[in-house]
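A short write-up of the structure that comes next.
The values are calculated or read from the model by the stated rules, or taken from the named source; none is laboratory data. The model shown is predicted, which means the values in this text are computed figures rather than measured ones. Cβ sites come from the backbone with ideal geometry, for glycine too, and all protein chains shown count toward neighbours.
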């Protein structure tokens, strides 16, 4: 390969948005803040509740505990058996709501089928809802008031900003309309002055809509669904999905190999959006402690 060809190849390579590095920057900033708060007599405390022993949930809970330890946040772990009743879980939440030493409460989803997750989310005090899932948090976001932001979409905004990717005036397309990612993602992009389209399973001409995107966020929950035919040249592609392929290897909603050559920037899986979710959860905990 000649030098000229090498330069051309490098010019065509997408910026790989490093979620591990950016999440570490955020955690280091939070570590300093927590140390300052401790010196002033304020300790931050997060209560994490897991019902049952779903393997993926156990991994997530472990990662949250590690992040708390790194930043200097105290974490309380409630590991409840699979057969825990909704009433028992609500009693624990009520106790934690009333405990002034606890700043944040997180119930790891999914919960077993005998428990209604909506009732659980609604039971957490909006002042301690560090996941940003409660109707009060979502309502505050939709009308531009202060409140906890849903961690994954908030993390994506940080990824874009810290990678010097401008959102203002850009055509943004979000594929997926879940309450946890798609809807809050659209509202946060809107807040940053993006022009936003939300696509879903009933969207007509999905490929054509996606191809208009300057910033494309894939949160559809289908492995490698978004291939090169959905992406316009020079787009920024954010992959929220996480799956295991037939060989047990992690992959996302985006077919990275076919899409990467077209993009100006792209998040990998793993190491893209995933680490940001926990970093923003920690950020919400620190904010909860500062708002006391």
Would you say residue 137 is under 18 Å from the mean Cα position of the chain (by Cα) and more than 28 Å from residue 289 (Cβ to Cβ)?
no
Say we look at segment 240-269 and pick out the residues that are more than 24 Å from residue 183 (Cα to Cα) and under 19 Å from the mean Cα position of the chain (by Cα); which of these is modelled with the lowest pLDDT?
244
In this structure, is residue 224 crowded, with 16+ Cβ neighbours inside 10 Å and farther than 20 Å from residue 152 by Cβ?
no
Look at segment 75-119 and say how many of its residues are touching a helix residue (DSSP H, G or I) at 6+ places or on another chain (Cβ under 9 Å), surrounded by fewer than 18 Cβ atoms within 10 Å (Cβ to Cβ) and part of a loop (DSSP other than H, G, I, E, B).
4
Return the residues of segment 148-180 that are within 16 Å of the chain's Cα centre (by Cα), without any contact (Cβ under 8 Å) to a residue 24 or more places away in the chain and outside any helix (DSSP H, G or I); say none if nothing qualifies.
177
Residue 138 vs. criteria within 27 Å of residue 226 (Cα to Cα) and surrounded by 15 or more Cβ atoms within 10 Å (Cβ to Cβ)
no
Does segment 181-191 hold any residues that are in contact (Cβ under 8 Å) with a residue 24 or more places away in the chain and either in the same structural domain as residue 110 (by TED's automatic domain parsing) or surrounded by fewer than 18 Cβ atoms within 10 Å (Cβ to Cβ) (or both), and which are they?
191
On the given criteria, is residue 173 assigned by TED's automatic domain parsing to the domain that holds residue 252 and modelled with pLDDT of 95 or more?
yes
If you check 282, 187, which single one turns out to be under 30 Å from residue 41 (Cα atoms) and modelled with pLDDT of 95 or more?
282
Of the criteria (1) touching a strand residue (DSSP E or B) at 6+ places or on another chain (Cβ under 8 Å); (2) surrounded by fewer than 15 Cβ atoms within 10 Å (Cβ to Cβ); (3) farther than 25 Å from residue 106 by Cβ, which one residue 244 fails
(3)
